[in-house]
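Just passing along the structure, written as structure tokens.
Every number here is computed from the coordinates shown, using simple stated rules; none is lab data. For clarity, every value in this text was computed on a predicted model and none was experimentally measured. Neighbour counts are summed over all protein chains in view; Cβ atoms, including those assigned to glycine, are modelled from backbone coordinates with ideal geometry.
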């Protein structure tokens, strides 16, 4: 049993279960950063994959995100820690088959497709369980601190994993590098094994009747639609994600061609942006305490379209590259601060029985908008130029700001009081 209800605690770090979850996220994200480099490198450099096969591999990597609603329903129905364990072990097992097949000289692009799908599906289930487990092990007044630490850890882990992946591919080869990701999932499983979660609140016997996953999913969607603040924030996230994805389709292309940035300069700009994200995660609690929950969320969304103005005005030259790096730092600083804050707000407002499905709805509408945005960008560039496509993406990012300003979010100064649990089937955690 955890001490999640102890309101005397002032930091999420003092909760053992949270430390294990944070460590689990850190090692698995670092390993995934290695695979993000090693898998495409393996396909291109060792299997001599065609452009179409590389595109298929990338598509299959995104395809499991369509399972988010089902994963969310599973996380609300079954023990979250068990799902974390199984997901880690499945991902580790799938990844291990690649270096084994490479050693036996039987590795094919088809196997990479299968491994990508298996690992992607395991990670979707894992992410749904992990993000909905957090409110069960951390008291509401510590959720903001907990999410802030998770955000900072994610920024560091992603960067460390990518850098390690590039080094490992050069040192031991792409196939053997995947053993690091497999080991990271095994290490994550060991940490998850130590997490202790509280028993769920008892509910009436009639509320425990089993329903199909489809009915659970439908109930989750209806719940989100019926919660004004949660609904508005997720809608704003969806439109912002679409606008950013529209721009990101040609963002790197525009910098490297029209603006003449070298690969090194492009890497520096991205690195500076990553530093902004880390700073935003570390300072979000202080910023929110000073300015209030609503203003931080609205400001984070408002900075995004404003940050696109220098890009649209920029020309070649180092001065503009410095300006773009500084702008990206500010954009990602506020985006991360707002992201941590809105995620905490949604977790606090959401009934515990719907945590997994609420997060899954958010994942589905935000991640699902990206392929559509990429296709839209491809269609637009057939009739207008790239700067116009970028401008359309920037203008779309104004819409989420208007949605938030028209809602009660803008008036929030502190996190609200969590609602009473509803009499619906909870996740059967037990003390496992």
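Multiply the residue separation of residue 100 and residue 258 by 0.36 nm, subtract the distance between their alpha-carbon atoms, and state the gained length in nm to one decimal.
52.5 nm
With r as the distance between the Cβ atoms of residue 11 and residue 384 and R0 = 56 Å, compute the FRET efficiency 1/(1 + (r/R0)^6) and round to 0.05.
0.65
Assuming 1.567 mPa s and 4 °C, estimate D for region 324-393 with Stokes-Einstein, Rh taken as the Kirkwood radius over Cα pairs, in µm²/s.
Answer, rounded: 87 µm²/s.
Which FRET efficiency, nearest 0.05, do residue 231 and residue 78 yield, Cβ-Cβ r, R0 25 Å?
So the FRET efficiency works out to roughly 0.45.
What residue among 230, 297, 15 has the largest mean-square fluctuation in a Gaussian network model of the chain, using Cα springs under 10 Å?
15
Considering the values [x] 0.91; [y] 0.99; [z] 1.10, which represents Cα Rg over 2.2 N^0.38 Å as calculated for the structure under consideration?
Working out Cα Rg over 2.2 N^0.38 Å from the coordinates points to [y].
Among 274, 52, 368, whose mean-square fluctuation peaks in a Gaussian network model of the chain (Cα, cutoff 10 Å)?
In this elastic network of the chain, the residue with the biggest mean-square fluctuation among 274, 52, 368 is 52.
Follow-up question, since we're still on this one. Compute for region 213-411: radius of gyration divided by Kirkwood radius, i.e. Rg/Rh, restricted to C-alpha atoms, rounded to two decimals.
Using only Cα positions, Rg/Rh for region 213-411 is 1.00.
Further, regarding this structure: Provide the convex hull volume over Cα atoms per residue for region 12-200, in Å³.
So the per-residue hull volume is 108 Å³.
Using a 7 Å offset from the Cα along the Cα-to-Cβ direction at both residue 172 and residue 45, what is the distance between the two label points in nm, to one decimal?
It is 1.4 nm.
Also, quick follow-up: Subtract the Cα-Cα distance of residue 108 and residue 214 from 0.36 nm times their separation in residues, and report this length gain in nm to one decimal.
34.6 nm
Then there's this: Please list, in order, the residues from region 278-310 whose amide nitrogen is less than 14 Å from a point placed 7 Å along the Cα→Cβ vector of residue 408.
Under cut-off, by backbone N: 294.
Just subtract the alpha-carbon distance of residue 160 and residue 289 from 0.36 nm times their residue separation and send over the number in nm, one decimal.
Contour length minus the Cα-Cα distance gives 43.4 nm.
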